[in-house]
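Any read-out appearing in this document is the output of simple, stated calculations on the displayed coordinates, not a laboratory observation. A quick note: this is a predicted structure, and the numbers were derived from the prediction, not measured. Using ideal geometry, Cβ is built from the backbone for each residue, glycine included, and neighbour counts are taken over all protein chains shown.
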Amino acid sequence: MEGCSESKMQLLLRHIRTFPDFPKQGILFRDICPLLKDPTALTSVIDLFEEHVINKNWEVDVIVGLDARGFLFGPLLAQRLGVGFVMIRKKGKLPGATVSVAYDLEYGKAEAEIQEDAVTPGQKVVLIDDLLATGGTLFAACELMKKLHAEIQGCLVIIELVELKGIETLKPHSVFSLVQY
């Protein structure tokens, strides 16, 4: 099993591209588009997330995906685990009654929201996104889960930008990243 996971990680790493100076000078952009294009690489991502959830013995009722790339991986993991999937969106994108939280971005402020009946009190949730940088968006998602009285089992990301210390923002929540830069 260890060798299998290692080969999946190598496949994943081969499918993440780096673009220097995008979207602005000094930024190394980590592009996951090739992961999505290759069915074996995409399956490997979901396999590794599923393996982590099972190894941690997380009880999961719902996978919560963050706008927008959490929507790409979350439903696949939810289907694999036999649980539901719900979305956290940017403000104004969901119909019906919603719960929202404001958070800071590097360049301003934003709001995230979820339909108020998407998660019920006591449900065990796992949050998923593609990237952890400063942690602002994932922190806001955790705050939304607290407002809905959900139990956060942990957070999953494909890439963690370690030097930005986003994991510190999310304490005490468990964060699992497949790749760290």
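Structure summary
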{"item": "Excluding exposed DSSP-loop trypsin sites (Lys or Arg not before Pro) (at most 16 other C-beta within 10 Å), longest clean stretch of the chain", "result": "94-164"}
{"item": "Inter-part distance where the range 5-64 and the range 73-128 are each reduced to a Cα centre, Å", "result": "20"}
{"item": "Eligible lysines near Lys165 by straight Cα distance, threshold 21 Å, same-chain separation 8 or greater", "result": "Lys24, Lys109"}
{"item": "Residues of the range 128-150 with amide N under 20 Å of a point placed 7 Å along Cα→Cβ from Leu13", "result": "131-132"}
{"item": "Cross-link partners of Lys171 among lysines (Cα-Cα below 20 Å; sequence separation of 8 or more within a chain)", "result": "Lys56, Lys124, Lys146, Lys147"}
{"item": "Efficiency of FRET from Cβ geometry, Gln79 and Cys4, R₀ 25 Å, rounded to 0.05", "result": "0.75"}
{"item": "Of the GluC sites (Glu not before Pro) in the range 71-167, those whose Cβ has at most 13 other Cβ within 10 Å and which sit in DSSP loop", "result": "Glu106"}
